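Novice: This is the structure I want to talk about, given as C-alpha cells.
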Amino acid sequence: MDKLKIELDWTANTNHTGFYVAKEKGFYREYGIDLEINTPEADDYSKTPAKKVELGEADLALCPFESVLSYNTKKERFDAVAIATIFREDISAITVLQESKINTPKDLDGKVYASYRARYEDEIVKQMIRNDGGMGDIKIEYPKRLGIWDTLINGSLDATWIFTNWEGVHAKSKGVALRNFKMGDYGIPYGYSPVILAGREKINANKKGYKDFLNATKQGFLYAKEHPQYGVDCIKPYVAKSDADIDLLESQVFSNRFYGDKNNWGILEKEKVDLFLNWLYDNNLETAGLKSEDLVFANLL
C-alpha cells in the first residue's frame, strides 16, 4: 500500500465529502492507497495545511489556489503545485449580516473584516470595495482561524470570507440572514478554491501514487454527487460539534452542483488560472510573472 497523508483546510464539511466517501467505499484501497485524513482542529491550526506539506509532515493539502502561488514566490521557494480543484467555479463570497445595512462592498469602508491572514486576501477584499466605488478603507482583524465564523454570527466583527455551500447553509440552518458579495460580480476573476496542493518533487518521485490518489478521490466526489445522503452519512461522524445544527443534506446537494463530472472533475483550466494571475499582476498584488504551467501539475487527471 502507498501511504499518503492529506491535511484538510477546515473541520470536516461538504468541501471534503469525496475524501471520506472514497475512504469508506474502499476506492483508495482498490488503488493501493492508504490515506490518512487530518483536519486542523487537531492542532488548532498551529500550521496551515500547505505549510505541513512544505515541511514534509503531509503529502497533500487542501488550500486556496493563492497558497500555491505564495509558496512559489517566497524567498526560499517551495515548488508547490495544484493537482486538482474541488469545484468547477468559485462558490465563496464576502459575507455580512443582512441586518447590518451593509448593502454593497463600498459600505464596508470603516467596517471591520475578520481575516484568515492568507496572502493576497486583505488586498483582494480592499480591491473589491474600490471596484464598487469605495475607498478600500476597511479595518482588518485576525481572530483565531477556527473562530472567525463566530465573530460574524455574534456581530463582533462585520464581514468575512465564506463558502456559501457551508457557512451559507449553516447560517440558514441557524435562522441567520446573510448578504453575500461574490468576487465575480465586482470585477475580480477569482479562480479555484480549494485546490489540492502537493510538492512537485514528491509527485515526480511517485507519479503513479498521486495519480491513483486522484482517481480514487474523483470516484469519491462523483459517488457523493449521485448519492448525497451517503455522502452525508460519511462526513457526519467527523463534523465539528459547533456545526452540528447545519442541514448537511442541503449543504451536500448545494455542493454537488459544482463538483463537475467524469470528464472535468478536478481539472484546473489554464485560461481561468491565468486570468486570475493576470488580475493579481495588473493590480500590483503580485509581480512574479508566473503562469498556470508553473503552478498546476496538469497530467495527473
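The values are calculated or read from the model by the stated rules, or taken from the named source; none is laboratory data. As the structure is a prediction and not an experimental result, all values here were calculated from the model. Positions of Cβ are generated from backbone atoms using ideal geometry, with glycine treated the same way; all protein chains shown enter the neighbour counts.
Novice: Could you tell me which of the residues Val169, Val125 is surrounded by 19 or more Cβ atoms within 10 Å (Cβ to Cβ), closer than 24 Å to Leu275 by Cα and among the β-branched types (Val, Ile, Thr)? Lay out the reasoning, then the answer.
Specialist: Details: Val169 fails: closer than 24 Å to Leu275 by Cα.
None of the others qualify; the one that does is Val125.
Novice: Take the residues in the range 5-52 that are in contact with a helix residue (DSSP H, G or I) (Cβ under 6 Å, 6 or more places away or on another chain) and aliphatic (A, V, I, L, M), then tell me which one is surrounded by the fewest Cβ atoms within 10 Å (Cβ to Cβ).
Specialist: For the range 5-52, the residue satisfying everything is Ile37.
Novice: Considering only the range 239-263, state which residues are of a type outside the set (Asp, Glu) and outside any loop (DSSP other than H, G, I, E, B).
Specialist: The answer is Lys241, Ser242, Leu248, Leu249, Ser251, Gln252, Val253, Phe254, Ser255, Asn256.
Novice: Also, I was wondering about something else. Consider Ser92 carefully, then state whether it is closer than 30 Å to Gly133 by Cα and under 18 Å from the mean Cα position of the chain (by Cα).
Specialist: Here the answer is yes, as Ser92 does meet what is asked.
Novice: Which of the residues that make up the range 264-285 are more than 24 Å from Phe221 (Cβ to Cβ) and part of a helix (DSSP H, G or I)?
Specialist: Once the filter is applied, which keeps residues that are more than 24 Å from Phe221 (Cβ to Cβ) and part of a helix (DSSP H, G or I), the range 264-285 yields Asp274, Leu275, Leu277, Asn278, Trp279, Leu280, Tyr281, Asp282.
Novice: Could you please let me know if Gly266 is more than 22 Å from Glu89 (Cα to Cα) and touching a helix residue (DSSP H, G or I) at 6+ places or on another chain (Cβ under 9 Å)?
Specialist: Judged against the criteria, Gly266 is not a match.
Novice: Run down Asp137, Asp107, Asp90, Asp150 and say which single residue is among the acidic types (Asp, Glu), assigned to a loop (DSSP other than H, G, I, E, B) and more than 30 Å from Lys262 (Cα to Cα).
Specialist: Unique residue meeting the criteria: Asp137.
Novice: Within the range 62-79, does at least one residue satisfy the condition of being out of contact with any Ser or Thr (no Cβ under 7 Å at 6 or more places or on another chain), within 30 Å of Gly266 (Cβ to Cβ) and not assigned by TED's automatic domain parsing to the domain that holds Phe221?
Specialist: no
Novice: A follow-up question, please. With respect to Leu197, is the statement that it is within 21 Å of the chain's Cα centre (by Cα) and more than 28 Å from Gly260 (Cβ to Cβ) true?
Specialist: Details: within 21 Å of the chain's Cα centre (by Cα): yes; more than 28 Å from Gly260 (Cβ to Cβ): no.
Criteria not met by Leu197.
Novice: Something else: Name the single residue, out of those in the range 135-166 being small (Gly, Ala, Ser) and more than 19 Å from the chain's Cα centre (by Cα), that is surrounded by the most Cβ atoms within 10 Å (Cβ to Cβ).
Specialist: Here the answer is Gly136.
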